1. Pull up the range B:207-235, narrow it to residues that are part of a loop (DSSP other than H, G, I, E, B) and in contact with a Gly (Cβ under 8 Å, 6 or more places away or on another chain), then point me to the one that is nearest to A:Pro240 (Cα to Cα).
2. Going through the range B:185-222 one residue at a time, which ones are surrounded by fewer than 17 Cβ atoms within 10 Å (Cβ to Cβ), away from chain A (no Cβ under 11 Å) and in contact (Cβ under 8 Å) with a residue 24 or more places away in the chain?
3. Could you tell me which of the residues A:Met204, A:Met221 is touching a helix residue (DSSP H, G or I) at 6+ places or on another chain (Cβ under 7 Å), aliphatic (A, V, I, L, M) and open to solvent by 40 Å² or more (accessible area, probe 1.4 Å)?
4. Quick check on my filter: what residues within the range A:1-20 are open to solvent by less than 100 Å² (accessible area, probe 1.4 Å) and within 25 Å of A:Leu277 (Cα to Cα)?
5. Please go through the range B:261-280 and pick out each residue that is in contact (Cβ under 8 Å) with a residue 12 or more places away in the chain and more than 16 Å from the chain's Cα centre (by Cα).
6. What pairs come out if I take residues in the range B:83-97 that are farther than 18 Å from B:Tyr52 by Cβ and pair them with residues that are open to solvent by 10 Å² or more (accessible area, probe 1.4 Å) and in a helix (DSSP H, G or I) whose C-beta lies under 6 Å away, six or more apart or interchain?
7. Of the conditions (1) modelled with pLDDT of 90 or more; (2) touching a Gly at 6+ places or on another chain (Cβ under 6 Å); (3) not charged (D, E, K, R), B:Tyr156 satisfies every one except a single condition; which number is it?
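The values are calculated or read from the model by the stated rules, or taken from the named source; none is laboratory data. Bear in mind that the values here come from a model prediction, so they are computed numbers and not experimental data. We place every Cβ from the backbone using ideal geometry, glycine too, and count neighbours over all the protein chains shown. Accessible surface areas use protein heavy atoms only, side chains included; no ligands, DNA or RNA. Shrake-Rupley method; radii C 1.70, N 1.55, O 1.52, S 1.80 Å.
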Amino acid sequence: MKENQTRNFEKIITRTIQFSGYSSILFVLLILFFLLSEGTPALFDVKLSQLFSERWYPIEDYFGILPLILGSMVVTLGASLVAVPFGILTAVYIAEIAPKWLQEIMKPLVELLAGLPSVVLGFLGILVVSPFLRDTLNLPTGLTALTGSLLLGGIAIPTIVSISEDALNNVPDSYRHGSLALGLTRWQTIWGVTVPAAKSGILMAVMLGVGRTIGETMTVMMVTGNAPIMPTSLQALFMPIRTMTATIASEMGEVATGSPHYHVLFFIGMVLFLFTLLVNVIASNISSRKLKRSERILS
Amino acid sequence: MFWRVSFIIFSMRKFFSSITVGLFLLLFLLSGCQKNINGEQSGNQNVTDYYYLENKGSDTMVNLALYWAEEYQKLHPEVRISVTGGGSGTGISSLINNTVDLANASRQIKLEEIESANKNGVDPIEYVVARDAIAVIVHPGNPINRLTLQEVSDIYTGKIENWIQLGGEDRPIVRLSRETNSGTHVYFLEEVIRLGNAEDKTIFSANTLLLSSSEGIIAEVRANRNAIGYDGLGYITEEVKVLAIAREEGADYIFPTLNTVNENLYAISRDLFIYAPGTPPIFVQDYLDWIMTSEGQKIVTDLGFIPVK
């Protein structure tokens, strides 16, 4: 009797866990289906040549999403330029160089940074970063792609630091000892042995960090000026820009359900989804990639 | 000068009102809890029926609507009014989807919006509840004091790119505007950029920064000498410079004040609307009637808008 009960209980627990596992797949599929069913009509409502034109002004039926796509890319690129070197170096410092007590202070601090709400960063951007950039770089306005990039870099850094740092910590100490025993300096050990050994983990950290910046909305909406200017050169980094996320967030509330504008906004959502999917696929490819011969020998 | 001083008072009042609204909400929540507990204890309770009124739309009008709602609820405790912003477009699309009792709009409803409302079985009824002037603003350090409508239009379409072309400093012009879901944006497009010409299909220059709030525009104009912006008179603070506007070359340059708007001298002024989805129920009609009384219209004046007579 008692045994039976336990077995039933086990079964219920198993099913519950199974259901939670499957449900996430289900939800993703449902979201994907919803996105596709609301977004694809845009291809029939708006001519393709118009959809990929250079002017976005939806209330007069200009549905060119090119400046929005490129806008997102410029901001993401800028954010990576800030976050990747800074994030990896911080991780190296915490994992390899900092003394134990400093490690214990820095790790939670970085994780605290990850929990900072993006609205707060946006405020910081409007009140501090944007006036600072306007004055020091003598820009017409401080609400630029660069401002967005710097703040988004701040959002990506904690992700990059904490995952890279885990990867570095997973490198066996025998590597370091061996390298030092061969007479290499500390710097040569870090750059020639430890970091390459943790390469896949660090690359994944970078991709996840980049993934966060593509989808970030509130901060970019507050600090990039939201002008749908077509970025044509690197100069665009110092000009206002409009991203896909900011466009969806600020316009979704006003559209009449089922209008071309509504469908185009969902279409932008599809493009955005594609972007993040791409980044995630690359990230998971890196982490599950077959080890090269040299790496196998090393490990 | 009177109106400048009065705006400080209004902005202070605005600040305090948000506190009051917050407190009110808190009290409301608390009293809700209280009632539940009482209800459980005594079992039987004579529950008063509340009328709930959902009011949504224009950000320009959101403070006005809040004040109206607050005052009206004092007089009629049985009515509960919830006010939210989001922009005129947001309000009107809620009206079309029949999810609000009253939609605020700082622009007139469009023909195609009426059509899509009719499709949903909604027949919008229009009420003009106040008037508003749109002030064109620059940084206080900008030597420009006045512009013609044509010049403002040329700035926003990108024909004029530097203040030097208008006799000002050698600085690039940074154009600021509200987002496209704002009634102020649409009004400015139709009446200033296109100068009221319906055939004209000119639009904002792509360089125009679209900011999501009036406060965002004021903040940038206050800090940036290159900037030009526009906003409802009720939102203008003392820290920015309001320009005098002439209807055309050679006409008088006029500052937006209560008097110049009332006498229709100032060029950029408009009606503010409330829309109801079909004939409103009696308690909603009472509210609308009250807004039009001298008491309701006094609030309009207090907030820097212009009352309708």
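1. This residue is B:Asn207.
2. Listed by number, the list holds a single entry, B:Leu195.
3. None of the others qualify; the one that does is A:Met204.
4. Residues satisfying the conditions are A:Gln18, A:Ser20.
5. Within the range B:261-280, B:Asn262, B:Leu265, B:Tyr266, B:Ala267, B:Ala276, B:Pro277, B:Gly278, B:Thr279, B:Pro280 meet the criteria.
6. Sorted first by the residue in the range B:83-97, then by its partner, the pairs are B:Gly85/B:Val62; B:Ile92/B:Glu113; B:Ile96/B:Ser116.
7. Status for B:Tyr156: all satisfied but (2).
Yes/no per residue for (1) out of contact with any strand residue (DSSP E or B) (no Cβ under 9 Å at 6 or more places or on another chain); (2) buried (at least 17 other Cβ atoms within 10 Å of the Cβ); (3) more than 10 Å from chain A (Cβ to nearest Cβ):
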site	(1), (2), (3)
B:Gly91	no, yes, no
B:Ser94	no, yes, no
B:Asn98	no, no, yes
B:Ala103	no, yes, yes
B:Ser106	no, yes, yes
B:Leu111	yes, no, yes
B:Asn118	no, no, yes
